[in-house]
Amino acid sequence: MAWDIVLSAPPANDRAAGDSERSLFGEILDWMLAPLLFVWPLSIAFTHYFANNVANFPYDQSLREHVVALARQVKLVGGKPVLSLPASARAMLRADETDTVYFQVMTFGGRLLAGDRGVDLMPDPEAGETVSGEVYLRDIESHGQDLRVAYTYLSEPQQPRERWVVVAVAETTEKRTQLANKIVASVILPQFVIIPLAVMLVWFGLSRGLRPLTRLRQTIETREPADLSPIATRRVPEELEPLVEAFNAMLERMKKSVEVQQRFIADAAHQMRTPLTGLKTQAQLAIRETDPEALRHALRQIASGVDRAGRLVNQLLTLARTEGSEAQQAHQVLDLAPLARESVEDWVMLAMSRGIDLGYEHEGETLIVGNAFLLRELAKNLLDNALRYTPQGGHVTCRVIGKNDRVHFEVEDDGIGISEEQAELVFERFYRVDDSAGEGSGLGLAIVQEIAMQHGIRASLRPNPKGRGALASVLFPAWRPPEPPQPPEDYAELYRQSPPIGT
């Protein structure tokens, strides 16, 4: 018997082209029923095998008794067999109504003394089963019939094997086959009721067991598109908790990404309105100008406005990228000193054009764990901020100092300075110490603080302890190579006590 299980596939419009994935319900059902359908034929085969053994046992016992009874009618007188087989004994052997019974009494050499002709019940002379008086069983085929044979040997002490007498009784196997079939039927037939019932119970159990998945799907489907709040795990089964927690973590990352995007849009809309309005005004003025000098002045104003707008856009993009997922890159061990030196070299020409003395100092080991791209942005914004608020003839110094378990990154200037109250506000977006004195957008230090937080630390800006100006500093944890594993004390002591090799 074969079972065909047909599971409904999802609608075609719900699947991508070439996607043949099935439902979880169908997969579980297949993995539960497929082994059952595979084991069932094996169960039938084993049942048939053991049924034959059970059916053979009583009939083999009866066949042994016939052989023993027939062997009692044979006497060995002077080594010669004498057979006394009354009619009642022959009638007992022929009394089976279902199977045909054959018997033979013969010498070990094959000479028939009594019994049925036309069948060969002689055992294999090469067989090792030659214990006198012991009854043996074997299966043979004779004239298209399967026969079960029981036989024994009769002999006197010290009698040569060639003079032994073989007594054999055989019968067909119809009764055995009928009994085995009845046993198999009594075991297999109930399975035709039990297996469909088991399939139904499995189907029902799976439907009930997968109901939490249905509830979870409905919970997700009914959520508003803008709802990024985490899914409650109170009624979620233990096996689904990791999935829900991973989904909640993804929602949290998505929420942060959306917040960054919305904040960027709001900041861009707010900050770009004024520069674009100024550019439009300057362009309108340039259109009406007829004086070449005034026209050049207007064009210079437009170029300056474009530079400021471009710098603002770049800073907005940098801040958005720093806050967003693009900044979540793998950190690695790097030397902060050459990175800072390269950043200083990029600003040397600008500092010279403004008449500012830009210096660089380095001391100690400066290995840290960080992101090189973000750290270059940090150094760039601190140097830009210092140069922007330092007047001509001023000094700006960038230093990287490794001390104890810390690496100090500092940018010191002698510019307009900062008060203690302003030091708490300068890292906020669009906050400027002096709106009238500089051309900054108020985003540089916000970018610096965001990058510092990406490295698990915070940046600070305070009045210069040496006098005028300000001191920006970021304190990084120093990286140290791991210590090599130390041998156990007993091995170390043994090594110290052992003489060097070759002495």
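The alpha carbon gyration tensor of the stretch 150-305 gives principal lengths a ≥ b ≥ c with a/c of 1.5 or higher and a/b greater than b/c, which makes the shape prolate.
A crude spin-label estimate for the pair Lys80 and Asp335, with each label 7 Å from Cα along the Cβ direction, gives 12.0 nm.
Placing a pseudo-label 7 Å from each Cα along the Cα-to-Cβ vector at Glu239 and Thr219 gives an inter-label distance of 1.7 nm. Pairs from the table (Lys403/Lys466; Lys256/Lys380; Lys255/Lys280) lying more than 32 angstrom apart at Cα are Lys255/Lys280. Derived scalar couplings between HN and Hα for the stretch 241-258 equal 4, x, 5, 5, 5, 5, 5, 5, 5, 5, 4, 5, 5, 5, 4, 5, 5, 5 Hz in order, rounded to whole Hz, by the Karplus curve 6.51 cos²θ - 1.76 cosθ + 1.60 (θ = phi - 60°), x for Gly and Pro.
Annotation: Met32 carries an accessible surface of approximately 90 Å², with a 1.4 Å probe and no ligand, DNA or RNA atoms counted.
Per residue, the stretch 109-255 exposes an accessible area of 63 Å² to a 1.4 Å probe, with every protein chain left in place.
The values are calculated or read from the model by the stated rules, or taken from the named source; none is laboratory data. As the structure is a prediction and not an experimental result, all values here were calculated from the model. FYI the Cβ positions are ideal-geometry reconstructions off the backbone, even for glycines, and counts take in every protein chain you see. To get the accessible areas, we keep the full protein, side chains included, count just its heavy atoms, and leave off ligands, DNA and RNA. Shrake-Rupley method; radii C 1.70, N 1.55, O 1.52, S 1.80 Å.
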